[in-house]
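Notes follow once the structure below has been shown.
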Ligand SMILES: NC(=O)c1ccc[n+]([C@@H]2O[C@H](COP(=O)([O-])OP(=O)(O)OC[C@H]3O[C@@H](n4cnc5c(N)ncnc54)[C@H](OP(=O)(O)O)[C@@H]3O)[C@@H](O)[C@H]2O)c1
């Protein structure tokens, strides 16, 4: 946490610069950065997905209230059986429908958005469910539906969003997945909401389709626990879904990465696990 003195210095700097800014920029600038701690109500969009189920399990374990946004009732009931779902509020919506998104965001404090689809044509694209609708339209609908006092919107996108014209990302982007993710990043960055953008590389570990939430918390990424972060889109390694979910939860609790984007990869070696002090050091070095 910044000391009261450094907060005061920041207020003075912001007040000085406020004179030259528009009212919207002033509202943005004068808000002090805030971490979102346990007890807060977090909407997890894509809660039944590979990263989403891990984010949900970690948030519940750390004392957050979770509103799990799901689309598929069968999958949701399997993943969040009634005895565990007492602690979770499960809501159903397809984010392609803007009015459905509006109904889900009442009194939330933060959003972790880990929705996604395949980069190449697949069964999942059936019914106008490809990257444009999933990675751009749905994310924009969710951003537009958020209350103005939201404390953080964490958006999971991908390595390559700034390199979609060069190999190997130009291949991954043949059907536009990186372009639409980048457009969603831009919408979030200009929304005025406090945000963090997380850009993992190719995801490994999971999805743990037949695990319950307690078992999910025991999963490890084996020998690949080392974490590397970068403020730029310049990492090419793979990323464990466990590391990605942990980074999202740690980012929620950190004011250092508010209004920042970072890339993330996992490699052989020891890592921070769920140690907040080690994540703080990684975030501070960005
Ligand atoms: N796979 C990789 O190597 C890789 C690499 C970098 C980044 N990423 C990105 O990382 C994120 C997480 O990946 P993942 O593999 O964990 O994802 P995933 O298992 O494919 O899960 C995606 C989730 O999003 C939900 N969803 C999709 N469209 C929706 C909509 N219109 N309304 C509501 N929910 C919707 C899905 O619900 P349904 O089950 O109902 O479809 C599912 O729960 C994705 O954004 C992905 O693009 C992936």
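The values are calculated or read from the model by the stated rules, or taken from the named source; none is laboratory data. None of these values were measured; they are calculated from a predicted model. Cβ placement follows ideal geometry from the backbone for every residue including glycine, while neighbour counts extend to all protein chains displayed.
Quick notes
- Residue selected from segment 182-207 under the condition under 11 Å from residue 241 (Cβ atoms) and near the ligand (Cβ under 9 Å from one of its atoms), by the criterion surrounded by the most Cβ atoms within 10 Å (Cβ to Cβ): 200
- In segment 208-233, the residue that is surrounded by the most Cβ atoms within 10 Å (Cβ to Cβ) out of those that are over 24 Å from residue 83 (Cα atoms) and touching a residue at least 60 places away in the same chain (Cβ under 8 Å) is 233.
- Checked against (1) outside any helix (DSSP H, G or I); (2) under 19 Å from the mean Cα position of the chain (by Cα); (3) within 15 Å of the ligand (Cβ to nearest atom), residue 121 meets all criteria but (2).
- Tally, over segment 56-71, of residues that are near the ligand (Cβ under 9 Å from one of its atoms) and not in a loop (DSSP other than H, G, I, E, B): 2
- Neighbours by Cβ (under 6 Å, 6+ apart or cross-chain): first from segment 50-63, touching a residue at least 40 places away in the same chain (Cβ under 8 Å) and more than 12 Å from residue 218 (Cα to Cα); second within 8 Å of the ligand (Cβ to nearest atom) and part of a helix (DSSP H, G or I): 50/241; 51/241; 51/244
- Across segment 109-118, the qualifying residues are those that are within 11 Å of the ligand (Cβ to nearest atom) and assigned to a loop (DSSP other than H, G, I, E, B), and the one among them that is surrounded by the fewest Cβ atoms within 10 Å (Cβ to Cβ) is 118.
- Candidates 135, 109 - the one that is out of contact with any strand residue (DSSP E or B) (no Cβ under 9 Å at 6 or more places or on another chain) and touching a residue at least 24 places away in the same chain (Cβ under 8 Å): 135
- Helices (runs of 4 or more DSSP H) wholly inside segment 183-286 that include at least 3 residues being modelled with pLDDT under 95: 213-218
- Test: residue in segment 29-52 that is under 17 Å from residue 149 (Cβ atoms), surrounded by fewer than 24 Cβ atoms within 10 Å (Cβ to Cβ), at pLDDT 90 or above and within 11 Å of the ligand (Cβ to nearest atom): no
- Within segment 129-163, the residues that satisfy the criterion of being out of contact with any helix residue (DSSP H, G or I) (no Cβ under 8 Å at 6 or more places or on another chain) and away from the ligand (no atom under 13 Å from the Cβ) are 146, 147, 148, 149, 150, 151.
- Matching option when the condition is away from the ligand (no atom under 14 Å from the Cβ) and assigned to a helix (DSSP H, G or I), among 74, 106, 89, 83: 83
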